[in-house]
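A.B. asks: Below is one structure. I have some questions about it.
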Amino acid sequence: MGNLEEAKRLFEDTKNKRVRPDTITYNTLIDGFCKKKNLKEGDRLFEEIKKKGVGPDTVTYNTLIDGNCKKGNLQKANCLFEATENREVRPDINAMIDWHYNKWNLEEANRLFEDTEKKGVRYDIVGAKWVFEETEKRQVRRNIIAYNALINGYCKKGKMEEAHQLRVHMEARGMRANNITYTTMIDGYCKQWKMTDAHKLKGVMEAMGLKPNVYTYASLIHGELLSKKSVEALTLFSEMKQRGIIPNVVAYTTIIFGLSRQGRPDEALRLYNEMIKAGITQDDQLYSSMVGSLYNQIGLRRQQMGTRTLVLEVKNSDNSNNA
């Protein structure tokens, strides 16, 4: 405790000398006091950092949430967690889930876990798996959101076999996989270049009476382009439109980027024009990709035209579409 008190003394001295401590300095002291279970001092520094205009960050909130959970102050931890919703911070909910399952409050742990997917909060796949196993033992009812959250976690980690087994487990218990389940897994297979598995799962999805959506197709198109199969990607894009699914900015961007990088600028420019006509606004990165593709890939024009001319070509295409 002596070193922490000395750090606090030096901290106060710097403030007296009109040296403005930064967020890292505050976070270091808050972490020290939380580890010593001196949450009163941690809270005081938290209020001070807000008043000084330095601003608490993700580390600040996570440190205090963790400290309050470990001391059993769950109400305060919840308040801190909820306070992050209107701020640009992403709290770690693992500490709160841990506290609940250590107290055998498995229903609440499961509810928090389900909320992670809806709020886009980071969660620990190992801790999530533990919650699933324990709720299974206790026969706590789980819904499709919880299953999809864990499947999504497995897919992001590249653990497709675990994701597959969980889908089988879910359906064996009478809970039917939905579009989100299938699209999440298809995207996971595509990112690992396992296109046979991805297309097979799309077939299973359709056999179950579920219709692939624009994100399902965007994932498949991305996977084909990763495998350098631009013809297959274009076929999927056409199939999507034939089935009445309107391409969005994700679908257009995916295929235009891919075609541009694979030396097919004519198709990329055609789809770019189509996207503009549809009223979808491109971003700067997509625009730069189009210019770079035209400059590097179009035969003789690469030698005859400079970048400025090619930029004008794309801009003129935009203007003609907007006319």
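A.B. asks: Please list, ordered by first then second residue, the pairs with beta carbon atoms under 6 Å, 6 or more apart or interchain, first in region 22-40 and without any contact (Cβ under 8 Å) to a residue 40 or more places away in the chain and over 11 Å from residue 60 (Cβ atoms), second buried (at least 19 other Cβ atoms within 10 Å of the Cβ) and small (Gly, Ala, Ser).
C.D. replies: The qualifying pairs are 33/42; 39/67.
A.B. asks: With the structure loaded, tell me whether residue 167 is more than 28 Å from residue 238 (Cα to Cα) and surrounded by fewer than 13 Cβ atoms within 10 Å (Cβ to Cβ) or whether it fails that test.
C.D. replies: No.
A.B. asks: Now, a different point. Six or more apart or on different chains, Cβ under 6 Å: which pairs go from a residue in region 62-86 that's within 15 Å of residue 41 (Cα to Cα) and of a type in the set (Gly, Ala, Ser) to one that's part of a helix (DSSP H, G or I) and modelled with pLDDT of 80 or more? Could you list them?
C.D. replies: Every condition considered, the pairs that remain are 67/34; 67/39.
A.B. asks: Taking residue 146 and the conditions (1) part of a loop (DSSP other than H, G, I, E, B); (2) crowded, with 22+ Cβ neighbours inside 10 Å, which numbered condition does it fall short on, given that it satisfies the others?
C.D. replies: It fails just one condition, (1).
A.B. asks: Look at residue 223 and say whether it is under 24 Å from residue 181 (Cα atoms) and either part of a loop (DSSP other than H, G, I, E, B) or touching a strand residue (DSSP E or B) at 6+ places or on another chain (Cβ under 7 Å) (or both).
C.D. replies: no
A.B. asks: Something else: Under 8 Å between Cβ atoms, which residue pairs at least 6 apart in sequence (or on different chains) link something in region 184-203 that is without any contact (Cβ under 8 Å) to a residue 40 or more places away in the chain with a partner that is part of a helix (DSSP H, G or I) and β-branched (Val, Ile, Thr)?
C.D. replies: 184/151; 185/151; 186/216; 198/186; 201/186; 202/186; 202/216
A.B. asks: Here's another thing I want to ask about it. Please determine, by comparing only the residues of region 153-193 that are within 19 Å of residue 213 (Cβ to Cβ) and not in a helix (DSSP H, G or I), which one is farthest from the chain's Cα centre (by Cα).
C.D. replies: 176
A.B. asks: Might you check whether a residue that is surrounded by fewer than 16 Cβ atoms within 10 Å (Cβ to Cβ), touching a residue at least 40 places away in the same chain (Cβ under 8 Å), more than 21 Å from residue 178 (Cβ to Cβ) and over 26 Å from the mean Cα position of the chain (by Cα) occurs anywhere in region 238-245?
C.D. replies: There is no residue in region 238-245 that is surrounded by fewer than 16 Cβ atoms within 10 Å (Cβ to Cβ), touching a residue at least 40 places away in the same chain (Cβ under 8 Å), more than 21 Å from residue 178 (Cβ to Cβ) and over 26 Å from the mean Cα position of the chain (by Cα).
A.B. asks: All but one of (1) surrounded by 13 or more Cβ atoms within 10 Å (Cβ to Cβ); (2) modelled with pLDDT of 95 or more; (3) part of a helix (DSSP H, G or I) hold for residue 260; which doesn't?
C.D. replies: Of the numbered conditions (1) surrounded by 13 or more Cβ atoms within 10 Å (Cβ to Cβ); (2) modelled with pLDDT of 95 or more; (3) part of a helix (DSSP H, G or I), the odd one out for residue 260 is (2).
The values are calculated or read from the model by the stated rules, or taken from the named source; none is laboratory data. The structure displayed is predicted, hence computed values, not measured ones. Note: ideal-geometry Cβ built from the backbone for every residue, glycine included; neighbour counts use all protein chains shown.
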